[in-house]
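Report on the following structure.
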Amino acid sequence: MSSAPLALAPKPSLAYRLVSGLLVFPLFRGLFRGSTRGLRHVPKQGAVVVVSNHGSHFDPPLLGHALGRPVAFMAKAELFSIPLLGAVIRACGAYPVRRGASDREAIRTATARLMEGWATGVFLDGTRQPDGRVNAPQPGAALLAARSGAPLLPVAIVNSHRALGTGQVVPRLVPLQLRVGEPVPAPASRRRTDLDATTAILQQRINALLELDPLHP
């Protein structure tokens, strides 16, 4: 296992601050009565793998702007060629992954972000889940941590699957909340048994956070 990256967290860019202040926070705090719990667990500096459940398309901007520091996410390479949008998502920490790229290439790209000191976001299931829980966790987040030495930060996004779930076109104005748990150490090695053990811990932690004080629609 590599030692933990020593790079400091990149400073938020002007584009990031504008998107946060003019778009994400007015929607999150105002329209969806959004709130956060456990921000004391978020490392202020250095690499960290932010791991969460995935219920809707709202999740990347919420994770990227509500934890007190930018969070980098993979995005389709084609998006970066769109005028203005490409510049904005790049400034907000998104990094391109080619359509059809191998998992190995995506892991290398994400590891490079961690070595630069970024908080790097991973949805544990990989795809949106209709019930908003972690149901079929994948070992990618644990592998990133094992490669970089970065800790893993479990985050539960409550109610996003109700706000804009699979197949929904019109959002429902339900209360949203981000709940941050204590960091989980990187796996001891890249062996599948170690990766699976850490992944199971993350699944349990995130689902437990989801079950605390349910937010009713």
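The values are calculated or read from the model by the stated rules, or taken from the named source; none is laboratory data. Since the model is a prediction, treat every value here as computed from it, not as a measurement. Every residue, glycine among them, receives a Cβ derived from its backbone with ideal geometry; neighbour counts consider all protein chains shown. Each accessible area value is taken on the protein alone, full model and side chains, heavy atoms only, with ligands, DNA and RNA left out. Shrake-Rupley method; radii C 1.70, N 1.55, O 1.52, S 1.80 Å.
Worth pointing out:
- Stretched out straight at 0.36 nm per residue, the stretch from Glu182 to Leu84 would grow longer than its current Cα-Cα span by 31.6 nm.
- Selected from His41, Gly64, His54, residue furthest toward positive end of dipole (region 2-75; charges at beta carbon): His41
- Loop-located trypsin sites (Lys or Arg not before Pro) in region 83-166, at most 12 other Cβ atoms within 10 Å (DSSP): Arg98, Arg99
- In the context of the full set of protein chains, residues of the chain present 48 Å² of accessible surface per residue (probe radius 1.4 Å, heavy atoms only).
- Where (1) 64, 43, 31; (2) 64, 33, 31; (3) 44, 40, 34 are the candidate values, the label of the one calculated here for Cα extents along the principal axes in Å is (3).
- With 5 Å bins beginning at zero, the pair-distance distribution over Cα atoms of region 96-204 amounts to 2, 12, 19, 21, 18, 15, 9, 4, 1 %.
- The chain - percent relative contact order, Cα under 8 Å, separation 6 or more: 29
- Only Lys, Arg, Asp and Glu carry charge here, each on its Cβ (+1 for the first two, -1 for the last two); on that basis region 121-217 has a dipole of about 240 debye about its Cα centre.
- On full extension, the segment bounded by Arg98 and Val169 gains 22.9 nm, given 0.36 nm per residue less the C-alpha separation.
- Accessible carbon and sulfur surface of region 9-112 relative to its total accessible area, %, 1.4 Å: 64
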